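First the structure, in the form of structure tokens, and then the observations on it.
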Amino acid sequence: MLGLKLPTDPRWVNLAEKSLEDILTDHAYCEQKAAISCISLIQGHPKRHRLVRELSPIVTEEWGHFRQVLREMDNRGLELGLQRKDEYVNKLRDFMVKGGSRTTRLIDKLLLNALIEARSCERFRLLSLHLKEDDLKEFYHAFMVSEAGHYRLFLDLAIEYGGEAAKTRWQEFLDYEKKIMEELEPRGDRMH
């Protein structure tokens, strides 16, 4: 369904479970960055009616997710740590078009967001299936469902605005992301 070309290393869930405070901290910041990304897309493309209308509620949803993760941390007596560099996302950004038309840059931004949401969805699914605590399994199952919808929306918007070129570019992003996943060591303190 997600089109990812390389699944997450199975060791990742075990590592994440060992550093729950770190993974929850990183997850919180991922949700915050997702809200900011949607705001940025809206600000940069206010005349794209569907984009504005459909991303606006996602801003609220992602910020709500940030607050949910904070609440989960509070319930566990955990502290929100410092935000860390997201090597995965930074490497994906290196693949984005530099220059080009406004539409081409928009499509790349939408595809970047779709890919991040797809990988997050896959990781949330793994957590929802393999964590030991039932409460955390349910917690991450809900996030998985949400991320799947966001992934689909970003991809649909990219295809709506870019047609066949966006579909081709999506395959290029997927191939590039596979290389990134092959290079990165699994880390239990990062969502990506």
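The values are calculated or read from the model by the stated rules, or taken from the named source; none is laboratory data. Computed from a predicted model, the values in this text were never measured in an experiment. Cβ sites come from the backbone with ideal geometry, for glycine too, and all protein chains shown count toward neighbours.
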Could you run through segment 22-37 and say how many residues are touching an Asp or Glu at 6+ places or on another chain (Cβ under 7 Å) and either charged (D, E, K, R) or in contact (Cβ under 8 Å) with a residue 60 or more places away in the chain (or both)? 5
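Report, by residue number, each residue of segment 134-151 that is among the small types (Gly, Ala, Ser) and without any contact (Cβ under 8 Å) to a residue 12 or more places away in the chain.
Initial filter on segment 134-151 (among the small types (Gly, Ala, Ser)): 142, 146, 148-149.
Answer for segment 134-151, where residues must be among the small types (Gly, Ala, Ser) and without any contact (Cβ under 8 Å) to a residue 12 or more places away in the chain: Ala142, Gly149.
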Evaluation of Glu72 against (1) part of a loop (DSSP other than H, G, I, E, B); (2) of a type in the set (D, E, K, R); (3) surrounded by 15 or more Cβ atoms within 10 Å (Cβ to Cβ) (one fails), failing number: (1)
Among the residues of segment 92-134, what is the count of those that are farther than 21 Å from Leu174 by Cα, of a type in the set (Ser, Thr, Tyr) and buried (at least 18 other Cβ atoms within 10 Å of the Cβ)? 1
With the requirement that a residue be surrounded by fewer than 18 Cβ atoms within 10 Å (Cβ to Cβ), over 10 Å from Glu62 (Cα atoms) and not polar (S, T, N, Q), what does segment 27-41 give you? Ile39
With the condition kept exactly as written, say whether any residue in segment 25-33 is over 25 Å from Lys132 (Cβ atoms) and in a helix (DSSP H, G or I). yes
Among (1) at pLDDT below 95; (2) part of a helix (DSSP H, G or I), Gly100 falls short only on (2)
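Being free of Cβ contacts under 8 Å to residues at least 24 places away in the same chain, out of contact with any Asp or Glu (no Cβ under 7 Å at 6 or more places or on another chain) and surrounded by 13 or more Cβ atoms within 10 Å (Cβ to Cβ): is that true of Ile58 here?
On the way: free of Cβ contacts under 8 Å to residues at least 24 places away in the same chain: no; out of contact with any Asp or Glu (no Cβ under 7 Å at 6 or more places or on another chain): yes; surrounded by 13 or more Cβ atoms within 10 Å (Cβ to Cβ): yes.
Taking the combined requirement at face value, the residue does not satisfy it.
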